[in-house]
1. Condition first: over 23 Å from the mean Cα position of the chain (by Cα) and in contact (Cβ under 8 Å) with a residue 12 or more places away in the chain. Now tell me which residues in segment 298-320 satisfy that.
2. In this structure, does residue 259 turn out to be basic (Lys, Arg), in contact with a strand residue (DSSP E or B) (Cβ under 8 Å, 6 or more places away or on another chain) and free of Cβ contacts under 8 Å to residues at least 60 places away in the same chain?
3. What number goes with the only condition from (1) surrounded by 15 or more Cβ atoms within 10 Å (Cβ to Cβ); (2) part of a loop (DSSP other than H, G, I, E, B); (3) of a type outside the set (Phe, Trp, Tyr) that residue 243 does not pass?
4. May I ask you to say which residue of 175, 195 is touching a residue at least 24 places away in the same chain (Cβ under 8 Å), within 24 Å of residue 367 (Cα to Cα) and more than 13 Å from the chain's Cα centre (by Cα)?
5. Could you name every one of the helices (runs of 4 or more DSSP H) located completely within segment 268-379 that has at least 1 residues being assigned by TED's automatic domain parsing to the domain that holds residue 242?
6. Can you pull out the residues in segment 226-240 that are in contact with a His (Cβ under 9 Å, 6 or more places away or on another chain), crowded, with 16+ Cβ neighbours inside 10 Å and assigned to a loop (DSSP other than H, G, I, E, B)?
7. Suppose the filter is among the hydroxyl-bearing types (Ser, Thr, Tyr) and at pLDDT below 95; does residue 389 pass it?
8. I'm trying to understand the selection: among the residues of segment 262-293, which are surrounded by fewer than 15 Cβ atoms within 10 Å (Cβ to Cβ) and within 15 Å of residue 303 (Cα to Cα)?
Amino acid sequence: MAERPRALLVEDTAALAAVYAEYLRGAGLEATHARTVEEALTFAAREPPDCVLLDLRLPDGDGMSVLRALRRDQPDLPVVVMTATGSVSRAVEAMRDGAADFLVKPFTGERLGVTLANVLDRARLRREVRELAAARPRATFAGFIGASPPMQDVYRKIETVAASRAPVFITGESGTGKELTADAVHRLSPGRRDGPFIAINCAAIPKELIESEIFGHLRGAFTGAVADRVGAAGAADGGTLFLDELCEMDLALQGKLLRFVQTGTYQPVGGTAPRRTDVRFVCATNRDPLAEVRAGRFREDLYYRLHVVPITLPPLRDRGEDVITIAEAVLERSAREEGKGFRGLAEDAKAVLRAHRWPGNVRELENAVRMAVVLHAGEWLTAAMLPLTAREATPRRAVPAADPSREIRPLAEVEREAVERAVELCDGNIPKAAAHLGISPSTLYRKRAAWGAAAD
């Protein structure tokens, strides 16, 4: 036997409550009666109902507060408000705040039964549509492109954690979309999406300045501090603070960040009084954070405070046909922006894209396709139009040993390609790229200037 739908009846007048409860039973619903705002919210949290019949005038508060709280916690819960003849404007206001329907007192059991049947049916249809959508692989989601199984898992994780207040820790190789993930968590969060999204790249800011970037400073706190400055912590109040490349943060500053995470308070550089802010923490790194903890470069206590909900982004090489889907989307957008007439990817170009390992992931793929569009014209984008780095994995035609000039490239060309690749993989961070290449930043700046490249 099917379980009967549960209705929460919120009505403070005992006589009316008895009548409405009888109406509900006659309509085939189980009824739970609440007399106050507090009882209504307690009963709804303890045993979520299938629908709510809500009086807007209650002894300990306004029924509208109940409506807003229920809709915040259960966005699809159908709520039918009850109002007196002279208060229809209040019912209209309730509809704007998410009520499914309203009834003007007095009403009959038949009218109540028809109204509840309609709102329950609409709620059921919404659930079925959602379930059907969830069963089909999504080709796009919150700015992402791709229908591969690994990305479906990412989409589901983002949806699940968005409504939570828990810190999110995103890991993945460079170019996999960590900031896009953080932005999606923010935009899908019911309580945060209307607040600010503030992003800080911990690897791109010198360690002597990053404390000020995060916590702000007071005038005169250090040389050059000519005015008070609000840092990211204060700017993100009511929203989301995204700390990218967190494992690059200096250990001394990690201790101050830990206190901020634990207490919700921080002190600007040069300040003495703590300030309070309400932020949701989202962090990211392209390293293994637990390995950084074991190596002593990342605080263990901070790791356990922030690594609450992990999201791991797959590299592009593990996403199958997503590489073609993304390339086609980038081609269409780039051709439109550049005024080119490309209709799509040629089959040989698709073969090259599938064969390449994409160490720079989606960012590298986007750059390769956009470069091809800018430098070439035609109806179909062919393999020959793609940059040489994107064609590395394709089989090469054998070249006679007697002609070494075809196989040996000038050292200056190889050096420039290696340098530009390092800068790209480090997101334009020259000091970081120089460290990986084993040269000084000044040398790297000088080389790029000589090549005519734009210094970042």
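The values are calculated or read from the model by the stated rules, or taken from the named source; none is laboratory data. Because the structure is a prediction, the values reported are computed rather than measured. Cβ sites come from the backbone with ideal geometry, for glycine too, and all protein chains shown count toward neighbours.
1. Passing the criteria: 298, 299, 301.
2. Working: basic (Lys, Arg): yes; in contact with a strand residue (DSSP E or B) (Cβ under 8 Å, 6 or more places away or on another chain): yes; free of Cβ contacts under 8 Å to residues at least 60 places away in the same chain: yes.
Spelling it out, residue 259 is indeed basic (Lys, Arg), in contact with a strand residue (DSSP E or B) (Cβ under 8 Å, 6 or more places away or on another chain) and free of Cβ contacts under 8 Å to residues at least 60 places away in the same chain.
3. (2)
4. On the way: 195 fails: within 24 Å of residue 367 (Cα to Cα).
Result of the check over 175, 195: 175.
5. Numbers: elements: 289-294, 300-306, 322-338, 347-355, 361-375.
It comes to 289-294, 300-306.
6. 231, 239
7. Here the answer is yes, as residue 389 does meet what is asked.
8. Answer for segment 262-293, where residues must be surrounded by fewer than 15 Cβ atoms within 10 Å (Cβ to Cβ) and within 15 Å of residue 303 (Cα to Cα): 262, 288, 290, 291.
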